[in-house]
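Enquirer: This structure is in structure tokens; I'll ask about it shortly.
The values are calculated or read from the model by the stated rules, or taken from the named source; none is laboratory data. Note that the structure is a prediction, hence the values are computed from the model and not measured. So basically every Cβ, Gly included, is an ideal-geometry build from the backbone, and we count neighbours across all protein chains shown. Heads up: the accessible areas ignore ligands, DNA and RNA and are worked out on the full protein's heavy atoms, side chains in. Shrake-Rupley method; radii C 1.70, N 1.55, O 1.52, S 1.80 Å.
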Amino acid sequence: MPNPIELRGKRVLVVGLARTGVATALFCAARGAVVTATDTRSESEIGEPIAKLRAAGVALALGGHHESILRAQDLLIPSPGVAADSPLLSAARAMNLTVWSEIELAYRFLRGQLIGITGSNGKTTTTSLVEHILRQAGFSTVLAGNIGTPLIACVEATTDETITVAELSSFQLELIDQFRPDISVFLNLTPDHLDRHHTLEAYAAAKARIFENQTPQDAAVLNADDPPSARYAPARPQVFWWSRQQHIAQGTYLRGDEIVFRRGGREEAILRQSDIPLVGAHNLENVLAAVAATRLAGAAPDAIRSGVKSFAGVEHRLEFVSEIAGVRYYNDSKATNVDATLKALDAFSGRILIILGGKDKGSDYTPLQKPLHDKGILALLIGAAAAKIESQIAGSVAIDRAETLERAVEIAAHAARPGDTVLLAPACASFDQFQNYEHRGRVFKDLVHQLENQATGASLGK
């Protein structure tokens, strides 16, 4: 890791006071920086963090981002939700001010090794699995990044022996400078966040910055079966691949039922495909990536096998919620783009009632037509994107404009019959009706558990 920068006396502007912005402001203030934090929301809308920020000496400029606040600042740290081409950040760059993402600042203070994982889909599962394997193998680990805990909030927990495993979004990577993982993983690339990045090329370029500062001593892990991301394979770090479709010279692949890791001409059988507790072909890919990353980090084959077999999965990612009257309910609220929803549909056989919708991210929903025609019996549409989704999937499946998640669950419960699957896999962001995808997933689970309680009560009353 590079030497930490000296924050004492520096004038730092934090833009956006969601979870990452609050953690960044408190981190900088604790190290003697003169911190100002700005947000478009009011004090009452931000709520509880305000008291902590004031107690730490952070100056607050709320209710809008005004360019006048840029005067006399040394460093700007925008939250991931603030677009890099926003008027405030564009004005800052025009003034030659330094603009870093939070992960760049955190990197300057982290100790130990860093594994960074990005991609359009599978990041949360793969990041959680990598950390779980390494922790079960006896390594000191930290799980951080886009997965829920800001990297900046984990700095104090790291030592020279720590392996930090970080999920990294395009929003975080697009404003790095020296940020450099020891092991980088680029899972796949499909259209996402086009409302923010505008083009697939810009989105891909932001993702690919994960490799930008790596050296020949570092490792990059990529998906040999995914041409869109494979074309970004870097020149400097050692490149390892994974594949479920072909044998490869360096990395992980399937040999019959076995997952094999190959390096320097030597092969090691790590585990069997049948050992994987997670459902879906996409989770096989996540395991292949995780095996490569953890083996490169020093985990032994037996420890990797044990870690995969004991991994319970991730909340909001194809999470089984309940079975009620023979109908199984699954929460995949983390499926916030079309490709993730396609993978969710692929994970199940039989009849599916799917809940789709939320905040559109500039997506094309027409790829959903075939799997909905083949497996779907009802699409329940919610949120702001409902009309667009309906226009692009019409004719492939029966459609009900449920509008709200509560109504969608109610309709699904009445329409489903034993053996069916009710699947929340929205293909959209959550911000039109929910705080985030976690909030959406928790509401869905609460609604299902209410159905479960009603069914239990009805059964006891007979």
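Enquirer: Quick one: Cα centre-to-centre distance for the range 213-238 and the range 327-356, in angstrom?
Expert: Their Cα centres are 30 Å away from one another.
Enquirer: Using only the C-alpha atoms of the range 310-462, find the volume of their convex hull and express it per residue in Å³.
Expert: 106 Å³
Enquirer: On a C-alpha basis, how far is the centre of the range 119-144 from the centre of the range 56-103 in Å? Whole number, if you could?
Expert: 32 Å
Enquirer: Just name one of Leu288, Ala325, Leu62: the one whose Cα is farthest towards the positive end of the charge dipole of the chain (beta-carbon charges, Lys/Arg +1, Asp/Glu -1).
Expert: Result: Leu288, furthest along the dipole toward the positive end.
Enquirer: I would also like to ask the following. Please compare each pair in Lys123/Lys375; Lys123/Lys334; Lys361/Lys445; Lys343/Lys375 to a cut-off of 18 Å on the Cα-Cα distance and tell me which ones are over it.
Expert: Exceeds cut-off: Lys123/Lys375; Lys361/Lys445.
Enquirer: Also, quick follow-up: Run lengths n ≥ 4 of DSSP H only: what is the helix-derived mean residue ellipticity at 222 nm for the chain, with -39500 (n - 2.57) per run over all residues, to the nearest 500?
Expert: -9500 deg cm²/dmol
Enquirer: Hey, could you grab the Kirkwood Rh for the range 67-118? Inverse mean 1/r over distinct alpha carbon pairs, Å, one decimal.
Expert: Roughly 12.5 Å, rounded to one decimal.
Enquirer: Using only the alpha-carbon atoms, what does the range 12-134 span along each of its principal axes? Please give whole angstrom values in decreasing order.
Expert: Principal-axis extents of the range 12-134 (Cα, largest first): 47, 33, 27 Å.
Enquirer: Over the range 355-458, what is the relative contact order in whole percent, taking alpha-carbon pairs under 8 Å and six or more residues apart?
Expert: Computed over the range 355-458, the figure is 33 percent.
Enquirer: Accessible area per residue, 1.4 Å probe, Å², for the chain: what's the number?
Expert: About 40 Å² of surface per residue is accessible.
Enquirer: In µm²/s, what is D for the range 109-219 at 4 °C and 1.567 mPa s, where D = kT/(6 pi eta Rh) by Stokes-Einstein and Rh is the Kirkwood radius from Cα pairs?
Expert: The calculation lands on 91 µm²/s.
Enquirer: For the chain, take N as its residue count and report Rg(C-alpha) divided by 2.2 N^0.38 Å.
Expert: 1.01
Enquirer: Another question, if that's okay. Just add up the charged neighbours of Pro418: K/R +1, D/E -1, any other residue whose Cβ is under 13 Å from the Cβ of Pro418.
Expert: Result for the local shell: +1.
Enquirer: If you don't mind, another one. Which helices of the chain meet both criteria: a Cα extent of 18 Å or more along the helical axis and a mean Kyte-Doolittle score no lower than -1.0, with helices taken as whole DSSP H segments? Write down the numbers at each step before the final one.
Expert: Details: long enough: 123-136 (19 Å, -0.42); 281-296 (23 Å, 0.62); 437-460 (34 Å, -0.74).
Helices meeting the criterion: 123-136, 281-296, 437-460.
Enquirer: Moving on. About its Cα centre, how strong a charge dipole does the chain have in debye, to the nearest 20, once Lys and Arg get +1 and Asp and Glu get -1 at the Cβ?
Expert: Magnitude of the dipole: close to 400 debye.
Enquirer: Find the centroid of the Cα atoms in the range 249-275 and in the range 399-462, then give the distance between the two in whole Å.
Expert: The range 249-275 and the range 399-462 have Cα centres separated by 40 Å.
Enquirer: Ok, one more. I need the phi-derived Karplus couplings for the range 55-66: 6.51 cos²θ - 1.76 cosθ + 1.60, θ = phi - 60°, integer Hz, Gly and Pro marked x.
Expert: Values per residue, Gly and Pro as x: 4, 7, x, 7, 7, 10, 10, 10, x, x, 9, 9 Hz.
Enquirer: Antiparallel versus total DSSP beta bridges in the chain: what percent is that, nearest 5?
Expert: Among the beta bridges of the chain, antiparallel pairing accounts for roughly 20 percent.
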